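What follows is a set of notes on a single structure, which appears directly below.
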Amino acid sequence: MKTGIQRSALIWTLTVCFFANTWGQDSTQKKWWKESVVYQIYPRSFKDSDGDGIGDLKGIISELDYIQRLGVNVVWLNPIYSSPNDDNGYDVSDYRNIMKDFGTMADFDSLIKGMHARGIKLVMDLVVNHSSDEHEWFKQSRSSRTNPYRNYYHWWNAERGKPAPRYSLFDVNHDAWRYDSLTNAYYLHYFSRKQPDLNWENPRLRQEVYDIMKFWADKGIDGFRLDAFQYVSKDTTFPQFPVGYENKFWLYYAMGPHLHDYLKEMNREVLSKYDVMSVAEGAGNSFDDAHALVDADRKELNMAYAFDGVDVAKKEGYSLLHFKEVFSRWDSAFAQNGWLSIFLSNHDQARLVSRFGNDSPAFRNPSAKMLATFIMTMRGTPYYYNGDELGMTNIGFKKIEEYRDMSMLNEYQHQKDLHADTIAFLKEKSFDSRDNGRTPFQWNKERNAGFTTGTPWIEVNPNFKTINVETEEADPNSVLIYFRKLVLLRKSEPTLVYGKYELLDKENPDVYSYTRSEKGHQILVMLNFTSHEAMARTGLDLTGKKLLIGNYATPSRSGRLRPYEAAVWEMQ
Ligand code: NOJ
């Protein structure tokens, strides 16, 4: 028999153990999606199999061995659903079908089979903040005010006057309300006119989305990347926002009133029923927001995908001190609980090496490797965008006719309408436009870099004769070969996945040094972010230590790093 005191001590111990086990457990709790390396494929630009100049699913299938050899174990595919392609697939007209340019459902089935046979998981982009205006739901919705699909979207009847302004990211006038004379009403579109926002406040719409998710999960996919999801919940009274809100529209748009209710519901209805990973694009406006999305105890999503890091180099030039500060701050916010994605590029950004490294012939190779070393040695799941593993660079279009991105073309028109300096605008865009990251993948030295036998939908970067898979496969010093070694290292060193991150030599403006440690094992990472020699002042002695990987043939133990040198040491 236990005494009352013994009993309450036991209850107390059990309670403490329970909370210690749930609260704060998450960042060290083992999960396949934490141990994965995600490779992002932009299907339109990856590989064309039928000569129409547009990449397709059969093209990806033909390169599955290449993807497997990279060592990555998750592929995130940008949208492949039926779409009129106003925004390259981010305007879906049928969520259960494949875009004609990309192939058929049979191709999709072969793709997933081929991936799984090679141990590669597939994450699909789920675009449900908005659909295409060519989706049947929208056609129905706009047809009459009493149509059962009317409430699938946000309408504002014109006799109520003009609704309070809302900023559209892609509209030529940045006006997110589009008047439709058919029913004398405005519909809402945060993105382009052809991307009307879905009404998540309508439970029927939400159920449709969950059914779509189940359709793909039943096909065997392994995860969802939720496009623009932080914007789905809206205050449907559409109140007036303060003057100038459009300069910080995300503060007003993100994390709307019911977002967490919807995520919990989605988790209950779909995510919890499958072994899938989930990541939402954007992570709100604060750490608290980001946390709340991925706190394991809340049962919403797995992984935050925050933009503070990639935004450090929005324009040309950035400070390493700022870069270090942002990544260290985000890491510490997630040290106990939650999980982050680590990335410096994607299909909405200019090329990694051109923005954060140095794409001149002398430094492209070491700086691309240095940046890859950073991404693969931070805590959080690494995301690598196709082509970055070769060190592909910005194309830097000079003329508006060369661009394909609708958001760029609309913005150019907008600048013209304002009589703004379009020359300065084009100069800025040649550095930061997202078309820089969308030029065809460079496979070999042949015509169109081996991407297509036809005319590519967007110009191939003329540097493909030197930067391409075939050439890099044959060069032991290439970015590609180094990338593969890094992926192997990441996958074989749990310390790089779960180990605690600690910033060293914080005030050093040239070198980023940090340790990752776990269970008495410690790894030191030193990265020179400059084109000159620089000294790392970590206070750690490298004598007798083992170099795990580095981008120069001979390691230097003095802490003096050569231009863009990266060195990863095993300390204990
Ligand atoms: C974010 C996607 O990454 C981007 O490519 C797209 O244009 C917008 N969301 C709208 O869907």
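No value in this document is a laboratory result; all are computed from the given coordinates. Because the structure is a prediction, the values reported are computed rather than measured. Cβ sites come from the backbone with ideal geometry, for glycine too, and all protein chains shown count toward neighbours.
Before moving on, here are some points about what is shown:
- Under Karplus coefficients 6.51, -1.76 and 1.60, residue-wise ³J(HN,Hα) of the range 240-257 in Hz, glycine/proline x: 5, 9, x, 4, x, 4, 5, 6, 9, 4, 4, 5, 9, 8, 6, 6, x, x
- DSSP finds beta bridges in the chain, and of those with both partners inside it, around 60 percent are antiparallel.
- Close amide H partners of residue 126, meaning residues 5 or more places away or on another chain with modelled amide H under 5 Å apart, are 225, 226, 227.
- Cα-based Rg and Dmax for the chain, where Dmax is the largest Cα-Cα distance (Å): 24.6, 87
- Under the Karplus curve 6.51 cos²θ - 1.76 cosθ + 1.60, θ = phi - 60°, whole-Hz ³J(HN,Hα) for the range 309-324, x wherever Gly or Pro sits: x, 5, 6, 4, 10, 5, 10, 4, x, 7, 9, 5, 4, 5, 4, 5
- Calculated on the alpha-carbon coordinates, the convex hull of the range 96-212 measures out at 137 cubic angstrom per residue.
- Working note: Cα gyration tensor of the range 369-481, eigenvalues times five, square-rooted, sorted largest first, giving semi-axes of 30, 19, 11 Å.
- Long-range HN-HN contacts of residue 180 with modeled amide H, under 5 Å: 185, 186, 187
- For the range 31-46, 3J(HN,Hα) computed residue by residue from phi via the Karplus equation (6.51, -1.76, 1.60; θ = phi - 60°) reads 8, 4, 6, 7, 8, 8, 10, 9, 10, 9, 10, 9, x, 4, 10, 8 Hz, glycine and proline entered as x.
- At most 12 other Cβ within 10 Å, DSSP loop - trypsin sites (Lys or Arg not before Pro), the range 26-99: 30
- Using the Stokes-Einstein relation with a Kirkwood hydrodynamic radius computed over Cα pairs, the translational diffusion coefficient of the range 499-570 at 25 °C and a viscosity of 0.890 mPa s comes to 201 µm²/s.
- Treating each Cα of the range 419-572 as an identical point scatterer and summing with the Debye formula, the log10 of I(q)/I(0) at q = 0.11, 0.17, 0.19 Å⁻¹ comes to -0.64, -1.04, -1.12.
- Listed pairs 162/427; 121/500; 273/491; 299/485; 113/369; 100/273 exceeding 29 Å between Cα atoms: 162/427; 299/485; 113/369; 100/273
- Over the range 389-444: Kirkwood hydrodynamic radius from C-alpha pairwise inverse distances, Å: 12.1
- Projected over every direction and averaged, the convex hull enclosing the alpha-carbon atoms of the range 80-148 yields 5.5 nm².
- Across every direction, the projection of the convex hull enclosing the Cα atoms of the range 278-341 has a mean area of 4.3 nm².
- Rule-of-thumb Rg ratio for the range 274-381 [Cα; 2.2 N^0.38 Å; N residues]: 1.14
- Note that the range 304-446 carries a Kirkwood radius of 16.4 Å, evaluated over its alpha carbons pair by pair.
- Every helix of 4 or more DSSP H residues in the chain counts as -39500 (n - 2.57), and over all residues that averages to -9000 deg cm²/dmol at 222 nm.
- Of the trypsin sites (Lys or Arg not before Pro) in the range 268-317, those whose Cβ has at most 14 other Cβ within 10 Å and which sit in DSSP loop: 299, 314, 315
- Other-chain or far-sequence residues with amide H under 5 Å of residue 81's (modelled H): 99
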